[in-house]
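Engineer: Let me begin by handing over the structure; questions about it come next.
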Amino acid sequence: VGVSLPRVIYQSAHRWRYSFGADPLGQGVHFDARIGLGVCGDWLSGGQIEGAFLSGTECAKSILG
């Protein structure tokens with residue numbers, strides 16, 4: 001992008017021990033059309049990055065109608 005970034009001062013990684021839910025809901029998204037609010041995430045559809053992506057995509061489609 002043509003911009004110099006400052007030197008990294010602190011860097012850390014954290015792994016979530018309890019990140020895999022025992023029973024994903026398998027619904028993809030919770031959307032309330034009445035108030036226009038959607039909730040999405042990997043916890044709704046599989047617990048992995050693909051589930052998060054698909055859930056977010058489904059939520060966006062719900063919001064856009």
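Engineer: May I ask for the angle, rounded to the nearest 10°, between helix 49-64 and the longest principal axis of the chain, with both axes built from Cα atoms and the value confined to 0 to 90°?
Structural biologist: Rounded to the nearest ten degrees, it is 60.
Engineer: I need the semi-axes of the equivalent ellipsoid of the chain: take the C-alpha gyration tensor, multiply each eigenvalue by 5, square-root it, list largest first in whole angstrom.
Structural biologist: Values: eigenvalues 180, 81, 19 Å².
Taking √(5λ) for each Cα gyration eigenvalue gives 30, 20, 10 Å.
Engineer: So what's the back-of-envelope 222 nm ellipticity for the chain, counting only DSSP H runs of four-plus at -39500 (n - 2.57) apiece and dividing by all residues, rounded to 500?
Structural biologist: -8000 deg cm²/dmol
Engineer: How much length is gained if the chain between residue 7 and residue 60 is pulled fully straight, taking 0.36 nm per residue apart and subtracting their Cα-Cα distance, in nm to one decimal? Don't skip to the end; give the middle numbers.
Structural biologist: On the way: separation 53, 0.36 × 53 = 19.08 nm, distance 3.59 nm.
Answer, rounded to one decimal: 15.5 nm.
Engineer: Sorted by mean Cβ packing within 10 Å, highest first, what order do the peptides 52-60, 5-13, 34-42 take?
Structural biologist: Peptide ranking by packing, descending: 52-60, 34-42, 5-13.
Engineer: Still on this structure, please answer the following. Give me the net charge for the shell around residue 30: Cβ to Cβ below 14 angstrom, other residues only, Lys and Arg +1, Asp and Glu -1. If you can, show how the numbers build up before the last one.
Structural biologist: Details: positive: 34, 61; negative: 32, 42, 58.
It works out to a net charge of -1.
Engineer: Over the chain, give the accessible area per residue in Å² for a 1.4 Å probe, as an integer. Numbers along the way, then the final one.
Structural biologist: Numbers: 5930 Å² over 65 residues.
For the chain, the per-residue accessible area is 91 Å².
Engineer: Hey, any idea what % of the chain's accessible area is carbon plus sulfur with a 1.4 Å probe?
Structural biologist: Roughly 59 percent of what the probe reaches on the chain is carbon or sulfur.
The values are calculated or read from the model by the stated rules, or taken from the named source; none is laboratory data. Every value quoted in this text rests on a predicted model; they were computed, and no experiment measured them. Reconstructed Cβ throughout: ideal geometry from the backbone, glycine too, with neighbour counts over all protein chains shown. Please note that ligands, DNA and RNA were not included when accessible areas were found on the heavy atoms of the full protein model with its side chains. Shrake-Rupley method; radii C 1.70, N 1.55, O 1.52, S 1.80 Å.
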